[in-house]
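Worksheet for the structure shown next.
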Amino acid sequence: MNGDRPTVNGERILNGVQHDLSNSASHIGQTKQVQDFKPLPSPVKNGPSIPVNGQHGPTQIPNGDHARSVANGLDQAPPDILDLVPKDSYLPMAALISRASQTCWNGLANMVEQLAAMQVPELPSDQTKTLPNNLPNNQTKANLDKKDRLLKFANDQKADFIKLLVLLEWSKNVDDVSKTISINFWLMDRRRAYWNAISSMALLKQDSAGFQVPNPDLKVAAEVLSKGKVAKFPTLDAYIPQKDLSNKQILRLLRSLNHALSVRLALADDLPPQLRKFRIHDGRATFTVPNEFELDVSILDESVDAQFRMVDFRFSFSPAPPITDALHAEIERLANSNIDRDGLHGCYLFLHELTLSYKLAELHKQAIDLVRSQWAGHLRVEMIRRNLIIQYWTERPSSKSWIEFGIGSGRGTNHVSVQEPVPCLEIKWMRHGKKVDTLLLRQDESVLCFEDILRQVIAQHSTQHLDSIFDKLVLTPLFASGELLVEQDTSDDDPEQCSLTIQLSRGSHLQLKLDSVTGMLVISPVSERSERLQYEINRVHNVADEIVSKLLNFRCSVMEGVVLASIAGTSWETLRAFRLTQAEIKTMFGGSVVRINLVRQSQWGLGFFLAIIHAHDGDHWCLSQQIATTESNPRAQFRVLRTQKIQVKEELSPAYFERLVDYANGLISLQRNADFLRDNGEMLELASFPAFDKHYVLPELSFQLDMSKPAFAGQRRTSPGMAPSISGSVNATTVRKTIKVRFGGIDRATGRVLTIAQVQNGASQRVLKHLDKSMLDGDVTFESKNGTLTIRVQSSISEPAVPAIVDKAMDLEKSLATMEQIYRLPGLKLKTMSNPSFTITYHHDGLKELGVNINLGVGSQIPRIDFFPREVNPHIHLTSQYTRLFQAPHLSFAAKVGDFLTSLILTLPLATFLQTLQRKIGLNARPQPDPGNAEAGVRVHVLVRNATAFAVQYFTTAARVPQDIGPNSQPHLLARLEIVHHVNTSDKPMWLVRAALEDFQSYTRPSYTTPALRAKLRQEIFARSDNESKWLALDNAAACMADRPEALLQSIHEVLCNWAKHSTDSDAASTPSIPTPNKAAKGQESLPNGMNKPKAPGKLQMPSNAMPIGPVKQQRTPNTKGGRPVAATKGSTGSARNSEVITLD
């Protein structure tokens, strides 16, 4: 690269390599010593030859006489040699032995104390093994350690005493040993003197090469030999000293040289471009090559052929190595040789390459100094083929990176210049084994500083490494959306200014830097968690994705710590024993979850929990519900009720999580009630839950309450044949009220949730003005302005509050409906009112007052009805029927209570008449012997089939049975009638009285004992037109107004009693059969006993209750057609007090 150098002492020396003079001298001296070495004759003095300087004579000493020969040789040595080492320099053997003994004793005492302090556990007798001497063999670790320390101490002391023994053997010949030591010291001193002499001779020889010897004057000698005389004798300057030049002469000479140099350089056309910057002064021309060197040249005479000669040479960079006189002379000689051969161009190339070599050497020196200072262990410096290789960050677990300094040829890849390329100092940067072409170095070429270059390379390497982390980090969701900030500081020359600042949370940041010396990532601020992260990321082999993943995991751990610290002082409980599997976590929350913590409130039980998850895309809390397991699916299932992201700007504090308690409780309460409604098939409206923040409002849950249903039993559809109620109200399945439910907070002391419901009531103002606190529960309030009822219910958070709300709403609805009907119907008077009882009077006649006490009950309970006074109130016999009325599933409570109260007013005259009749001639009545009384032989039995249907049966005693009864007729039965509610075209309430068998196909017995009685009753009652409008004759039946049934029923009663009395007195055989009119017989078939059977299919009677007697065997059949209820009854026999047996049908 730099060309060839001339040979020095027969060797070729490379440019820039300084020849080591001391080594050369030493080498020359050794060579000369080997060439000139001749063995000296051994002096002999009265004995065999003694070896001198390691050489042996021709006579060899036998082995047996070796000791005696050595002793004789020592005796022949001069006394000054044997006494070079004084006796005071030796230590007495006794002192050495005493000191060793004391050391052994002290060590043994210390060891015994230490062994005594060590506790050795005793093994159980069944685990202890005995030695052959019957001593226990304790093999515990503590006992073995004591034995090991004791054995080691003994071995160490043994080794010390063996050394003392060897020294003691030497001390037996102490005089000979001391003489041997003195002789050895003298020989070493002689050897040092010999080497110093050889080195001095070599230096003298090297210096003598430059001595100047005058050349012989051959011209004068030839003239003397040829002519015998000399025309001009030379000055002989080399032998005759000349006088010094005066100042004028010196000035004249210098000016002459300046002029000659100016002319010479001005006319020179072979000056290299690098040497065209020069100045002429003091008889010399100074060429300046920036940042390299300065060269002073001059000429010896003014002739054209006179060559330039180097006068001086200086390096123009710093720190520049010192140039010794010898080195300066060598450089001058070599520079002049290159000038003679190639002119100034060759001289420039030589000095340029020399300068580059010295620069490379200076960089090498600075690198070595760094390796020995603070960069120790982290730089590796090597010189390979004149290339300086410096590897940095050697301890970092990654691929190698290094800087390479070398002298390039100047022939770059883009070199197209016609000029000859000039060598230059090149710097290459290899990062992770690959060359980097974008190295930007800012350096002053006049000042060499390897540390600056290294710091610039490391700064750019750090920037590149942080750039890769930054590029990957900004692609993650948190940083891409701008929720978290990341900031990078870069620098091309100072690695300390290269950093990456990452925001972890609202008030937490993390700074990443690369240590310029070690290359390790340094994390600040320092904590135990950040130290662990720093250790982990420094193990990664330059994989930015993995580093970013660890940084995001660290962010999750920091956020987890913030969350746990905030929860620590709140009512949240951490679930440490409950863990979710990875499959459950993936199913519930999706994606990769880095950290998860499960917490809950104590009042939630096992059904709900809050999961706080930390992932790369942010932090979330998820309110989850654990679904109860079943036999078909024993594995636990979970449902996420609400998931919300924890915003970075949110201040996580105990107050935040206390607010979250209220939000979660409200959400669970509303969701639990909504689930309950959905499970029961109810329609509901629940808006989406708002995001949790400082000012949130939970939505209201609204649903339609069907007032006809006592509880949630699913939607029931109305039967097509369902009839309207007695009171005329429409079917209440379409009456629905909207209930709005909202969360009212939680009692922290009891853990119960307050649920507030609002119901818009449609009661009239006359009812609402009588509504006072006694009618309202303590948890129910009423606003009279808008008619809104507010219901407050406290319940467990895991239980729905809707059932309790519905119960309270239904209770209130029943109370309001009852009051509404009381004020709507005439003749009713509210006597007392309390929650949930009403005392109502519906008849007042002088001293007699009839009333009823209604206990509405709670929730879906059937109201309890108590009539008063019990002795005279005829409705007491209808209590069971009224109870069944309230059990009707298809009517609202308003319709039921309306039917009940209407029935009280409607049935009072009828029930009073029937009760009077029953008490007078009932089956249990005491007979009054009165021959003139027509009722003496008649008994009446009244059956209550429902609230608007009655059966009246007339019986006769056995003595008064008519003689013309049929064989299939009941011997005691006289007639069977029924009284049902009649609906006419004028919608006025009426009672219909008819024969019980006329419209029923299922009966096997007739309603009358004889057709004559049937004809008689039809003639006197059912077909009678001159009744003065007391009833309405319908040919086969009769109808009367509901408030005046006495005339019709009394007339029928008299007809039956008179017929029974007169028929027994007359001859039954002479009584002609009364033919049935065609109108009555139309469409009927003949039956035995003169009865007719209708062609149309009949109906069974509904169950009935007898007013005067006890239980009756009943059989229920479905109602197939509206109109009036029907039933078939087989009554049990009852004995009267007159011992007559009467069978009830």
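The values are calculated or read from the model by the stated rules, or taken from the named source; none is laboratory data. Just so it is clear, the model here is predicted, and its values are computed rather than measured. Here Cβ is always computed from backbone atoms with ideal geometry, including for glycine, and neighbour counts include all displayed protein chains. SASA here: full protein model, heavy atoms, side chains in, ligands and nucleic acids out. Shrake-Rupley method; radii C 1.70, N 1.55, O 1.52, S 1.80 Å.
Close Cβ contacts (under 6 Å, 6 or more residues apart or on different chains) running from residues in segment 336-353 that are of a type in the set (G, A, S) to residues that are open to solvent by less than 20 Å² (accessible area, probe 1.4 Å) and part of a helix (DSSP H, G or I) comprise G346/N338.
Of the residues making up segment 870-879, one or more are open to solvent by less than 10 Å² (accessible area, probe 1.4 Å), more than 26 Å from D987 (Cα to Cα) and modelled with pLDDT of 85 or more.
The conditions of being farther than 23 Å from M1041 by Cα and at pLDDT below 85 are met by S892. Output yes when any residue across segment 900-908 is more than 30 Å from A809 (Cβ to Cβ) and assigned to a strand (DSSP E or B), and no when none is. So far as segment 900-908 goes, no, none of its residues is more than 30 Å from A809 (Cβ to Cβ) and assigned to a strand (DSSP E or B).
Could you please let me know if K645 is exposed (fewer than 15 other Cβ atoms within 10 Å of the Cβ), at pLDDT 90 or above and either out of contact with any Gly (no Cβ under 8 Å at 6 or more places or on another chain) or not in a helix (DSSP H, G or I) (or both)? Spelling it out, K645 is indeed exposed (fewer than 15 other Cβ atoms within 10 Å of the Cβ), at pLDDT 90 or above and either out of contact with any Gly (no Cβ under 8 Å at 6 or more places or on another chain) or not in a helix (DSSP H, G or I) (or both). Cβ-Cβ distances below 8 Å connect the following pairs, each with a first residue in segment 316-327 that is in contact (Cβ under 8 Å) with a residue 24 or more places away in the chain, a second residue that is assigned to a loop (DSSP other than H, G, I, E, B) and open to solvent by 60 Å² or more (accessible area, probe 1.4 Å), and a separation of six or more residues or different chains: S316/P290; F317/E445; L327/Q18. Does P214 qualify as being surrounded by 10 or more Cβ atoms within 10 Å (Cβ to Cβ), modelled with pLDDT under 70 and not hydrophobic (A, V, I, L, M, F, W, C)? Against the criterion (surrounded by 10 or more Cβ atoms within 10 Å (Cβ to Cβ), modelled with pLDDT under 70 and not hydrophobic (A, V, I, L, M, F, W, C)), P214 does not qualify. Just one of the numbered conditions (1) at pLDDT below 85; (2) buried (at least 22 other Cβ atoms within 10 Å of the Cβ); (3) farther than 30 Å from Y823 by Cβ is not true of H941: (1). Looking only at segment 527-571, which residues are open to solvent by 60 Å² or more (accessible area, probe 1.4 Å) and in a helix (DSSP H, G or I)? Of everything in segment 527-571, those that are open to solvent by 60 Å² or more (accessible area, probe 1.4 Å) and in a helix (DSSP H, G or I) turn out to be E528, R529, E531, R532, Y535, E536, D545, E546, L564, A565. Contact map, segment 1011-1037: first residue in a loop (DSSP other than H, G, I, E, B), second residue open to solvent by 40 Å² or more (accessible area, probe 1.4 Å), Cβ cut-off under 6 Å, separation 6 or more or different chains; pairs are D1035/A1023. Of the residues making up segment 253-284, those that are part of a loop (DSSP other than H, G, I, E, B) and in contact (Cβ under 8 Å) with a residue 40 or more places away in the chain number 4. Of note, G507 does not satisfy the criterion of being at positive phi and not in a helix (DSSP H, G or I).
Within segment 418-443, the set of residues being open to solvent by 20 Å² or more (accessible area, probe 1.4 Å) and either in contact (Cβ under 8 Å) with a residue 24 or more places away in the chain or at positive phi (or both) comprises Q419, V422, C424, L425, I427, K428, M430, R431, H432, G433, L440, R442.
Table: residues versus (1) surrounded by 18 or more Cβ atoms within 10 Å (Cβ to Cβ); (2) part of a loop (DSSP other than H, G, I, E, B); (3) out of contact with any Phe, Trp or Tyr (no Cβ under 7 Å at 6 or more places or on another chain).
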site: T286; (1), (2), (3): no, no, no
site: E302; (1), (2), (3): no, yes, yes
site: D312; (1), (2), (3): no, no, yes
site: P322; (1), (2), (3): no, yes, yes
site: A335; (1), (2), (3): yes, no, no
site: R341; (1), (2), (3): no, no, yes
site: F350; (1), (2), (3): yes, no, yes
site: H364; (1), (2), (3): no, no, yes
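For segment 465-476, the tally of residues that are open to solvent by 40 Å² or more (accessible area, probe 1.4 Å) and within 15 Å of N553 (Cβ to Cβ) stands at 1.
Here V599 fulfils each of the conditions (1) farther than 25 Å from P690 by Cα; (2) assigned to a strand (DSSP E or B); (3) open to solvent by less than 40 Å² (accessible area, probe 1.4 Å) apart from (1). Scanning segment 231-242 turns up no residue that is hydroxyl-bearing (S, T, Y) and modelled with pLDDT of 90 or more. Number of residues in segment 374-413 that are open to solvent by 50 Å² or more (accessible area, probe 1.4 Å), closer than 17 Å to W429 by Cβ and not in a loop (DSSP other than H, G, I, E, B) equals 4. Residue pairs whose Cβ atoms lie under 6 Å apart, separated by 6 or more positions or on different chains, with the first residue in segment 484-495 and buried (at least 16 other Cβ atoms within 10 Å of the Cβ) and the second assigned to a strand (DSSP E or B), are L484/Q503; V486/I502; Q488/L500. Working only within segment 661-696, note down all residues that are touching a residue at least 40 places away in the same chain (Cβ under 8 Å), open to solvent by 40 Å² or more (accessible area, probe 1.4 Å) and farther than 16 Å from T643 by Cβ. Result: D662, R672, F676. Find all pairs meeting these conditions: Cβ atoms under 7 angstrom apart; at least six residues apart or on different chains; first residue within segment 1051-1062 and open to solvent by less than 20 Å² (accessible area, probe 1.4 Å); second residue small (G, A, S). Taking only residues 6 or more apart or on different chains, the pairs are L1056/A975; C1057/A934; A1060/G937. Within segment 825-836, is there a residue that is over 19 Å from Q887 (Cα atoms), part of a strand (DSSP E or B) and of a type in the set (S, T, N, Q)? The answer is yes, given that some residue of segment 825-836 is over 19 Å from Q887 (Cα atoms), part of a strand (DSSP E or B) and of a type in the set (S, T, N, Q). Candidates in segment 110-125 are the residues that are part of a loop (DSSP other than H, G, I, E, B) and touching a residue at least 24 places away in the same chain (Cβ under 8 Å); of these, the one that is farthest from P136 (Cα to Cα) is M118. In the set L440, L484, only one residue is part of a loop (DSSP other than H, G, I, E, B), more than 30 Å from E292 (Cβ to Cβ) and not hydroxyl-bearing (S, T, Y); that residue is L484. From the list A221, A193, A231, A197, the lone residue that is part of a helix (DSSP H, G or I) and either over 30 Å from D80 (Cβ atoms) or open to solvent by 100 Å² or more (accessible area, probe 1.4 Å) (or both) is A221.
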